[in-house]
Structures are given as structure tokens and as C-alpha cells.
Amino acid sequence: MYVDVNKLIEGYSRTKIAKAEYQKKTAVMKSNVDTLIANWQKELKNYEKERTSFSAGELKLKQELLGNKQQQITSYQEAVQKQMQEEDKKMTQTLINDINDYVKQYGKSKGYKIIFGASGGGNIMYGEESSDLTKDVLEGLNAEYDKK
Amino acid sequence: MIKSSLFLCLLSVLLVSCNKTFDKPQEMAEFIADPDNGYCYTKKAGGVDYTLQYRPTDLLVEQEIGQNPKPGTIEQTRKKYEKYLYFNLSMAMNKKELLNNLAADKERFGQMLSELSFGMDQKIHLYTATKDTIAMSDFSYPRMFGISDATTILVAYPRDEKYMNEKYMDFTIEDLGLYTGEIKFRIDMSKLRTEPQLRFK
């Protein structure tokens, strides 16, 4: 007996909710970065426009300021990307935990000795249709999650 | 024949639903710690060992008044503790407290310390099968400064008859930044309804 883990993740109701939450969070983070970049580009444009009117000292100071700001934006961008990756990792692990818990519970209640998890990695190359529990497990998993 | 088998059946139902009693708290603690008895749940995720253990009322009563209490104090203390459901949640990484594993990272250490001390009511949830969340009454995180082999938190929830008759309740712990994902323990409520008791002298 086996289940297709990818199909379970894809079809699980919580995946859709978690993904929507994640996308909402990342959209906010991305828009913050975009605003910072847009402001910096504006400053750069102004600098290029007015550079002929600056003294050598002013020019150096302005360049340093713009350089520092660019560096800060890059660090912020990296931090945001890292945070997004971490959130994604946490979310995926939560979904996998839920599926593992449910498959365990399902196997126990149905009296199966073993349920394999096919994940496209080649661990199950062929399985007769009657051995595929994915549909049944997915229905149960969603029924439990959607219970209200 | 039918009568005797009916009697046997009734007797077995009664025996199963009766509360188990113990003379010594150590015996009860050992019984509780055995996952087969339905009061202790364990799980491993992302290198973190989670153990959730229910703390029966009498174990807490004994802790406060001892084995030979003054007359009247048992019921009085039982009344005080039976208003809540107490759970011990232990989390260990490499058989050490969680904070020990983050000692090299100042920022994460500080973050986790503040979460364990003040934010666990936002990270731990208890809810019914129909997703009714029960608000946590309180939690306590005694900092052990590395001398313990796990981070242990005592969590209390109100013992409300409304959900005591549920088949099960889900106890979840959000990811604490260790990439474990959310951890869920399904608590068999029939075990809590017939929790073990101590025979006080």
C-alpha cells in the first residue's frame, strides 16, 4: 500500500490556506524592499542630474552616502529572502507533519502493516491502482482539517 | 449463560472505566511516563525530541501536601488543582535544553529565551476536533541554565466539562524557529476522564 505524498501536499486544504498566508507575508516584505530600491534609484537619478553643481567634497560625500544606502538595501534584501525561505521551510514541514500524523492514524485504524510514501523520487516505481490509498487518505485528511 | 456473559461484559466495562489507584507517587509517575498507558506522548521532528505528559491532579496534590497530610487537606487541595488540566511539555535537542543548542548565536538565543519565558501562550494551542480553541490558563518555564537534559514547560488549561467529554483534543506547538514545523499531539480524552489517583494515608 502506498500514498503519493506530492498529491497529498497539493490537495490538502491546509496547503492552500498556508500558501495564501505565506504569499501575503512575502508580498509585504517584497513591497518594502521595492519601496527602498525605488527611493534609492530616485536619489541616484537626482545625484546624476545635479553632480555638475557639486564641489569635489560634496561629490565624494554624496557618493559615499549612496554607496552605504545601496549596501544597506542589499543586506535587507538578503535578510528578507532568508526569512522567506525560513517561513517556507516551516510551512512545508508543518504540512508534512500533518500528513504523517494522519497517515499513521489511518494505517492504524485500517490495520495496514505498512504504507509507503511515494514522492517522485523513485522509491515506488509501480503500484497497482488498488494499492494507491492517496484518494482515500486525502479525503480523510481534508475532512479532519475542515471539521467545524 | 447469557446472564453470566452480560455480567462479565459489564464488569469489564466497569474495570476499564474505573480510575487506577496507586499507593506511591513514584509508581504513579512511572505509570504516567509509559506511553502505552495513554498519558505520555512522544514525537521527534527536525532533531527535536518532544514529550507531552499529562500531570494527574493527585500527583500535584501529593507534591503540595505530601503522603501523610492533615485530615481535610486532601479534598481541599484536590479541589484547587482539579480545576485545571496540567501538562508537562519537554523539548530536547541532542539530549540538551533547547537554549544550550543556540548558545553560539546570541540573537537566536535571546529570541528563544524571550519566547520560552513570555510567549509560549501564543505558541502552544489546545483545540477540540471541531477546532474550538481552549485558552491557556497559564504556563511556567523554569530556566535550568543547562543542567537539565530538556527544556520543560508546565502548561495549564481549564478543566471544562464542556470538552472533557470529547473523544480527543489536539495539542499543538508552533515551530519555535527550529524548522520542526507545527507539532501535534492527539490527546485521548477518555484517559483524562479516568485519570489515576493516589491512595493517601
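The values are calculated or read from the model by the stated rules, or taken from the named source; none is laboratory data. Predicted, not measured: the structure shown is a model, and the values here were computed from it. Neighbour counts are summed over all protein chains in view; Cβ atoms, including those assigned to glycine, are modelled from backbone coordinates with ideal geometry.
For a quick check of your reading of the model, give me the residue pairs whose first member lies in region A:22-39 and is among the polar types (S, T, N, Q), whose second is at pLDDT 90 or above and surrounded by 11 or more Cβ atoms within 10 Å (Cβ to Cβ), with beta-carbon atoms closer than 6 Å and at least 6 apart or on different chains.
The qualifying pairs are A:T26/A:M84.
Quick one: which strands (runs of 3 or more DSSP E) sit completely within region B:85-201 and have at least 3 residues that are buried (at least 18 other Cβ atoms within 10 Å of the Cβ)?
Values: elements: B:124-128, B:138-140, B:151-158, B:168-173, B:183-188.
Per the criteria, B:151-158, B:168-173, B:183-188.
Yes or no, residue by residue, for (1) touching a helix residue (DSSP H, G or I) at 6+ places or on another chain (Cβ under 9 Å); (2) more than 18 Å from B:D175 (Cα to Cα):
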| position | (1), (2) |
| --- | --- |
| B:L98 | yes, no |
| B:E107 | no, no |
| B:F118 | no, no |
| B:T128 | yes, yes |
| B:A135 | yes, yes |
| B:P142 | no, yes |
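Is it the case that some residue within region A:74-87 is under 24 Å from B:F185 (Cα atoms), within 11 Å of another protein chain (Cβ to nearest Cβ) and touching a residue at least 40 places away in the same chain (Cβ under 8 Å)?
yes
Working only within region B:131-168, note down all residues that are over 15 Å from B:D188 (Cα atoms), within 14 Å of chain A (Cβ to nearest Cβ) and among the hydroxyl-bearing types (S, T, Y).
B:T133
Do the conditions hold for B:K184, that is, is it more than 14 Å from the chain's Cα centre (by Cα) and within 10 Å of chain A (Cβ to nearest Cβ)?
No; evaluated as a whole, the condition is false for this residue.
List the pairs whose first member sits in region A:128-148 and is touching a residue at least 40 places away in the same chain (Cβ under 8 Å) and within 14 Å of chain B (Cβ to nearest Cβ), whose second member is surrounded by fewer than 17 Cβ atoms within 10 Å (Cβ to Cβ) and small (G, A, S), and whose Cβ atoms are under 6 Å apart, counting only residues at least 6 apart or on separate chains?
Partner pairs satisfying both residue conditions: A:N142/A:S13; A:Y145/A:S13; A:D146/A:S13.
Where residues in region A:98-127 are within 14 Å of another protein chain (Cβ to nearest Cβ) and of a type in the set (A, V, I, L, M), which of them is farthest from B:K131 (Cα to Cα)?
In this case the residue turns out to be A:V103.
Take A:K69 and decide whether it is away from every other protein chain (no Cβ under 14 Å) and either among the hydrophobic types (A, V, I, L, M, F, W, C) or in a loop (DSSP other than H, G, I, E, B) (or both). First the steps, then the outcome.
Numbers: away from every other protein chain (no Cβ under 14 Å): yes; either among the hydrophobic types (A, V, I, L, M, F, W, C) or in a loop (DSSP other than H, G, I, E, B) (or both): no.
No.
Mind listing whichever residues of region B:32-69 are small (G, A, S) and more than 15 Å from the chain's Cα centre (by Cα)?
First, pick out the residues of region B:32-69 that are small (G, A, S): B:33, B:38, B:45-47, B:66.
Matches in region B:32-69: B:A45, B:G46, B:G47, B:G66.
Which of the residues belonging to region A:39-56 are in a helix (DSSP H, G or I) and small (G, A, S)?
Answer for region A:39-56, where residues must be in a helix (DSSP H, G or I) and small (G, A, S): A:S53, A:A56.
Going through region A:101-143 one residue at a time, which ones are in a helix (DSSP H, G or I) and surrounded by 16 or more Cβ atoms within 10 Å (Cβ to Cβ)?
A:D101, A:Y102, A:V103, A:Y106, A:G107, A:T134, A:V137, A:L138, A:G140, A:L141, A:N142
Which is in a helix (DSSP H, G or I), touching a Lys or Arg at 6+ places or on another chain (Cβ under 8 Å) and surrounded by 12 or more Cβ atoms within 10 Å (Cβ to Cβ), of A:L59, A:L36? If you could, list the steps in order and put the result at the bottom.
Working: A:L36 fails: touching a Lys or Arg at 6+ places or on another chain (Cβ under 8 Å).
From the options A:L59, A:L36, the qualifying one is A:L59.
Suppose the filter is of a type in the set (G, A, S) and either without any contact (Cβ under 8 Å) to a residue 12 or more places away in the chain or closer than 17 Å to B:D49 by Cβ (or both); does B:S137 pass it?
Values: of a type in the set (G, A, S): yes; either without any contact (Cβ under 8 Å) to a residue 12 or more places away in the chain or closer than 17 Å to B:D49 by Cβ (or both): no.
Against the criterion (of a type in the set (G, A, S) and either without any contact (Cβ under 8 Å) to a residue 12 or more places away in the chain or closer than 17 Å to B:D49 by Cβ (or both)), B:S137 does not qualify.
Could you list, in sequence order, the residues of region B:145-181 that are among the aliphatic types (A, V, I, L, M), under 24 Å from B:M28 (Cβ atoms) and more than 13 Å from the chain's Cα centre (by Cα)?
Within region B:145-181, B:A150, B:M164 qualify.
Specify the residue that is nearest to B:S190 (Cα to Cα); the eligible residues are those in region B:25-36 that are out of contact with any Asp or Glu (no Cβ under 8 Å at 6 or more places or on another chain) and in contact (Cβ under 8 Å) with a residue 24 or more places away in the chain. Reasoning before the result, please.
Going residue by residue through region B:25-36, those that are out of contact with any Asp or Glu (no Cβ under 8 Å at 6 or more places or on another chain) are B:26-27, B:29-36.
When the remaining residues are screened for being in contact (Cβ under 8 Å) with a residue 24 or more places away in the chain, the result is B:29, B:31-32.
Working: B:A29: 19, B:F31: 16, B:I32: 15 Å.
For region B:25-36, the residue satisfying everything is B:I32.
Select from region B:191-201 the residues that are closer than 29 Å to A:V103 by Cα and within 14 Å of the chain's Cα centre (by Cα) and list them in ascending order.
B:K191, B:L192, B:R193, B:E195
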